[in-house]
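Undergrad: Submitted below is the structure of interest, expressed as structure tokens.
The values are calculated or read from the model by the stated rules, or taken from the named source; none is laboratory data. Remember, predicted model here, so these are calculated numbers, not experimental data. Neighbour counts run over all protein chains shown; Cβ positions are idealised from the backbone, glycine included. Calculation scope for accessible area: heavy atoms of the full protein, side chains included, ligands and nucleic acids excluded. Shrake-Rupley method; radii C 1.70, N 1.55, O 1.52, S 1.80 Å.
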Amino acid sequence: MVWIQVCLNGARGTADGAAIPMSPEDMARSAAHAVAAGAMDVHVHPKTPCGHDTLSPRAVAATIQAVRSLVGVPVGVTTGAWAEPDPAVRLEQIHSWTVLPDHASVNWHEPGAESVAAALLERGVGVEALL
């Protein structure tokens, strides 16, 4: 079986092109197109209004809810240090999420990766270990 995961936007921002989905609604529409084309999983980077990756509970909730409103496949998010460089703040944000993704990627080379993975698992969120 082939399992296709789509990454809708990655760490790219508005300067990388108009086609990069930034808002939760744009991400949801992109996810729906990808799922219709065969994607079975969605990975997304929630964004601030300025287009920067964020782990804020508000942005994560809005993004996951928007994507889930249009697709019925697992939805995951990033926990990359570029979204929040301070491992302690990253953990606080993960513990504050009000809407949980199905999974989240953890970059194993980043400071605090093991704690981030443990926090995700404690909350029932699957971990994608990026090595």
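Undergrad: Roughly speaking, to the nearest percent, how much of the chain's 1.4 Å accessible area is carbon and sulfur? If you can, show how the numbers build up before the last one.
TA: On the way: 3790 of 6480 Å².
The computed percentage sits at 59.
Undergrad: With labels modelled as points extended 7 Å from the Cα through the Cβ direction, what inter-label distance (nm, one decimal) is found for Met1 paired with Asp102?
TA: Each label point is offset 7 Å from its Cα along the Cβ direction, giving 1.1 nm.
Undergrad: Also: For the pair Ala129 and His33, what calculated FRET efficiency results from E = 1/(1 + (r/R0)^6), where r is the Cβ-Cβ distance and R0 = 30 Å, to the nearest 0.05?
TA: Numbers: r = 28 Å, r/R0 = 0.94.
Using R0 = 30 Å, I get an efficiency of 0.60.
Undergrad: Still on this structure: When the Karplus curve 6.51 cos²θ - 1.76 cosθ + 1.60 is applied with θ = phi - 60°, which whole-Hz ³J(HN,Hα) does each residue of region 82-90 get, with x for Gly and Pro?
TA: Listing the rounded values in order: 5, 6, 7, x, 7, x, 5, 5, 4 Hz.
Undergrad: What number comes out for accessible area per residue over the chain if the probe is 1.4 Å? Units Å², please.
TA: Details: 6480 Å² over 131 residues.
Accessible surface, normalised per residue, equals 49 Å².
Undergrad: Another one. Any chance you could give the angle, 0 to 90 degrees and rounded to 10, that helix 24-36 forms with the longest Cα principal axis of the chain?
TA: On a 0 to 90 degree scale, this one is about 60.
Undergrad: Top to bottom by accessible area (1.4 Å), largest first, where do Ser105, Ser30 land?
TA: Working: Ser105 5, Ser30 35 Å².
The ordering from most to least exposed comes out as Ser30, Ser105.
Undergrad: Excluding ligands and nucleic acids, what accessible area in Å² is computed for Ser115 using a 1.4 Å probe, to the nearest 10?
TA: Around 60 Å² of this residue is reachable by solvent.
Undergrad: Can you run the Rg to Rh ratio on region 1-63? Use alpha carbon positions and the Kirkwood inverse-distance Rh. Kindly include the intermediate steps, with their values, before the conclusion.
TA: Working: Rg = 11.7 Å, Rh = 12.0 Å.
Dividing the radius of gyration by the Kirkwood radius yields 0.98.
Undergrad: Using only Cα atoms and rounding to the nearest 10 degrees, what angle (0 to 90) does helix 113-122 make with the longest principal axis of the chain?
TA: Once rounded, the angle reads 70 degrees.
Undergrad: List the extent of the Cα atoms of region 28-85 along each of their three principal axes, largest first, rounded to whole Å.
TA: On the principal axes, region 28-85 reaches 34, 17, 17 Å in Cα extent.
Undergrad: Hey, if we sort Met40, Met1, Met22, Met27 by accessible area with the 1.4 Å probe, largest down, what's the order? Don't skip to the end; give the middle numbers.
TA: Working: Met40 60, Met1 195, Met22 30, Met27 0 Å².
Largest to smallest exposure gives the sequence Met1, Met40, Met22, Met27.
Undergrad: Something else now. Note down the relative contact order for the chain as a percent, whole number, built from C-alpha pairs under 8 angstrom at least six residues apart. Please list the in-between numbers first.
TA: Details: 243 pairs, mean separation 27.4, N = 131.
Worked out over the chain, it gives 21 percent.
Undergrad: How far apart, in nanometres, would the label points at Met40 and Glu92 be if each is projected 7 angstrom from Cα along the Cα-to-Cβ direction?
TA: Taking the simple label geometry, Met40 and Glu92 are separated by 4.0 nm.
Undergrad: Consider all pairwise Cα distances in region 41-131 and report the whole-number % of them above 24 Å.
TA: Details: 407 of 4095 pairs.
Pairs farther apart than 24 Å: 10 percent.
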